[in-house]
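Contents: one structure, followed by commentary.
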Amino acid sequence: MSTAGPPQGAQHRSAQRGGLAGRRIDCDLLVVGSGASGLSAAVTAAWHGLKVVVVEKAPVFGGATAWSGGWMWAPGNPLAKRAGIHEDPQQPRTYLRNELGPHYDAARVDAFLDNAPAMVAFFEQHTALQFVDGNGIPDIHGQVPGAATGGHQLIAAPCDARTLGALNKQLRPTMRETSFLGMPIMAGADLAAFLSMTRSAKSFLHVTGRFLRHLRDLALHGRAMHLVNGVALVGRLAKSAQDLQVQLIASAPARRLLLEQGRVCGAVVAMDGGETEIRASRGVVLAAGGFPHDTARRQALFPRTPTGHEHLALPPESCSGDGIRLGEAAGGVLATGLASPVAWAPVSRVPHADGTVGHFPHIIDRGKPGVIGVLSTGRRFVNEADGYHDYTAAMVAQAPAGEEVCSWLVCDHRFQRLYGLGHARPFPLPVGPAVRSGYLQRGATIEALARACGIAPAALAATVQEFNDHARRGEDPAFGRGSTPYNRKMGDALHRGPNPCVAPIEQGPFYAVKVLPGSFGTFAGLRTDASARVLGADGAAIAGLYAVGTDMASVLGGCYPSGGINLGPAMTFGYIAGRHAAGV
Ligand SMILES: Cc1cc2nc3c(=O)[nH]c(=O)nc-3n(C[C@H](O)[C@H](O)[C@H](O)COP(=O)(O)OP(=O)(O)OC[C@H]3O[C@@H](n4cnc5c(N)ncnc54)[C@H](O)[C@@H]3O)c2cc1C
């Protein structure tokens, strides 16, 4: 096996199979799951000369990664350096020490921060994965020492699906609720143009061009061909895997790990109506996407989730805890003492016209000027422009005991038409359908809106009046909206007023959307060391077993210091595991 570059002359096996049930497959490394972490491990190991097989439970590749915003937190990355941002390597450590407190694990944090720049350089130089910087995105908690105002984020460059060939149809399509007629909108400048298209001729032209090209792609190909965000990351990773002759097998859930003399040496995988033994001389990487859809484990670990069902998990249903169970069966241990077991997301239920109900993540709307979040008491409870994890954690902690945990985002007509509210899109799309479907509540007055929502009317009216009194001066003394660089980034740079996150709520009719606790994924996961090896109860590494992505306990200890803190570590520990398995 070579350790200096891609394998030569290997047979091309990607995404092809015919009747593998009952047969035995031999490889060097088996990867369970085809999201960012699994594909990162697979590509890295294959480039270093290993023969790699990736098995995916779902019929499509990409997992939650394909539905994600695609942002990766990677301090010190080469794109930031090329832009002239030279950060002291101690700065992110200072930030994380302050953020994580007792959950700071120096060995794993060092492994992440030391390898993240190398991971980005590796993919840029040797694979189809190219990046675009997000240098203008600040860390979430700007008041915490060490927080950066930029230079920590990056995202996969858009991907022309024509370059993927047959692989394109095997990728998980973008999430319905976060795209428009199947057109994914790229987080960053692209999205900003969509939100300002009624106020800027340049934005209008950009959006019109994007939409016309999308309609052409729908007519010619039946799906989006300009891939952005998470699906671009998956597309580029899967293409890289294909280029390196990694065998990608869909509809193939791993059922049991194979152990010999205490060493994991493969797995039994269901496929083609039977079971296939996949032997892997260098071991197995668990990358099955954590347990967002394991109801029993949610009930056991999530706060205020008495039956396990009081939770709207955003990842695909196939992310149901298989990797954790496989790891435990081999002697691995689930680390549960994290700051949070779950990466919270504020989520609303979207009743679609076809009778299905989707889940919408409130990532963008909360920070815009002219919306507040309230509990059933009618009182605000958090700085709405802070992170999604912060919003939801505060909601879970403060919703009245004995009641369903929920909050309402409340705005006026001007706000809804300008920015949209959740899945109810802004002008020129009509707001009526969202009201008729029950997605939005509407009231001519704040009190009427409160009654429609089941919120205490007098309390909500008092909250809005108090908020407005200060908002007219661009202030929010109660929660300090607009006080951090992250807040202001989430606001509206074109807003005419002293604070891009604050405006009064005063022009009826008024609207509200109900927001429930949901998740981007899980933080509790298998205990691992700095090389992503799964640790047993005695603290020793289990030979041949790695866990990455959300199967591995969050390297940030269940804290949420910045956007991209799932995918940055997922890519980096995938890279670390791939190299370790290859012996480099
Ligand atoms: C809407 C949304 C937006 C998000 N935005 C961001 C963002 O911008 N930045 C960020 O950092 N994070 C974001 N996240 C979170 C992030 O997407 C996830 O944490 C990350 O994708 C997890 O990657 P993974 O490789 O661990 O798992 P996944 O990408 O979920 O992949 C796991 C795969 O394993 C498969 N699998 C499960 N069981 C088996 C089995 N037995 N055998 C074989 N395969 C199996 C699953 O089907 C799945 O395809 C977002 C999440 C969502 C839902």
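Since every read-out is calculated from the coordinates, none of them should be taken as a lab result. Since the structure is predicted, the reported quantities are computational estimates derived from the model, not experimental observations. Here the Cβ positions follow ideal geometry from the backbone for every residue, glycine too, while neighbour counts run over all protein chains shown.
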Given Cβ charges of +1 for Lys and Arg and -1 for Asp and Glu, the option among Phe467, Ala353, Ser281 whose Cα lies farthest towards the positive end of the dipole of the chain is Ala353
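Based on the mean of other Cβ atoms within 10 Å per residue, sort peptides 407-419, 189-201 so the most packed one is first.
Sorting 407-419, 189-201 by mean packing, highest first, produces 407-419, 189-201.
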On C-alpha positions alone, give me the angle between the axis of helix 201-221 and the longest principal axis of the chain, in degrees, nearest 10.
50
Give the long-range amide H neighbours of Ile565: residues separated by 5 or more places, or on another chain, with amide H under 5 Å away, using H modelled in the peptide plane at 1.01 Å from N.
Trp73
Pull up the DSSP beta bridges for the chain and report the antiparallel fraction as a percent, rounded to 5.
70
Label the range 316-371 by shape, choosing from rounded, prolate and oblate, from the square roots a ≥ b ≥ c of the eigenvalues of the Cα gyration tensor; if a/c is under 1.5 it is rounded, and otherwise prolate applies when a/b is larger than b/c, oblate when it is not.
oblate
Taking θ = phi - 60°, what integer Hz values does the Karplus form 6.51 cos²θ - 1.76 cosθ + 1.60 yield along the range 499-505, in sequence order, with x for Gly and Pro?
9, x, 10, 10, 8, x, 10
Nearest-ten-degree value, helix 229-243 long axis tilted from longest Cα axis of the chain:
10
Apply the Karplus parameterisation 6.51 cos²θ - 1.76 cosθ + 1.60, with θ equal to phi minus 60°, to every residue of the range 311-321 and state each ³J(HN,Hα) to the nearest whole Hz, in sequence, with x for glycine and proline.
7, 10, 6, 7, x, x, 5, 5, 8, 10, x
Using r as the Cβ-Cβ distance of Thr208 and Arg451, and R0 as 45 Å, what FRET efficiency do you calculate, to the nearest 0.05?
0.65
Yeah, the range 183-222 with a ≥ b ≥ c from its alpha-carbon gyration tensor (a/c under 1.5 is rounded, else prolate when a/b outruns b/c, oblate otherwise) is oblate
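Distance cut-off 28 Å, Cα to Cα: go down the list Lys489/Lys514; Lys202/Lys489; Lys368/Lys514; Lys239/Lys514; Lys202/Lys368 and report the pairs above it. Could you put the intermediate results ahead of the total?
Details: Lys489/Lys514 24 Å; Lys202/Lys489 20 Å; Lys368/Lys514 17 Å; Lys239/Lys514 40 Å; Lys202/Lys368 21 Å.
Too far apart for the 28 Å limit: Lys239/Lys514.
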Given the chain, report the % of alpha carbon pairs whose separation exceeds 38 Å.
28
Can you give me the long-range amide H partners of Gly283? Hydrogens built in the peptide plane at 1.01 Å from N, cutoff under 5 Å, separation of 5 or more residues or another chain.
Leu30
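Taking K and R as +1 and D and E as -1, what net charge do the other residues with C-beta under 13 Å from the C-beta of Leu113 add up to?
-2
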Placed amide H near Gly70: partners under 5 Å, 5+ positions off or other chain
Gly230
With each pseudo-label sitting 7 Å past Cα toward Cβ, what's the Arg472-Lys81 distance in nm, one decimal?
5.4
Report the Rg/Rh value for the range 88-210, based on alpha-carbon coordinates and the Kirkwood definition of Rh.
1.05
Under 1.5 on a/c is rounded, so check that first for the range 345-519, then, if it is not, pick prolate when a/b is larger than b/c and oblate when it is not; a ≥ b ≥ c are the square roots of the alpha carbon gyration tensor eigenvalues.
rounded
Within-14-Å neighbourhood charge of Gly558 [Cβ basis; K, R +1; D, E -1]
-1
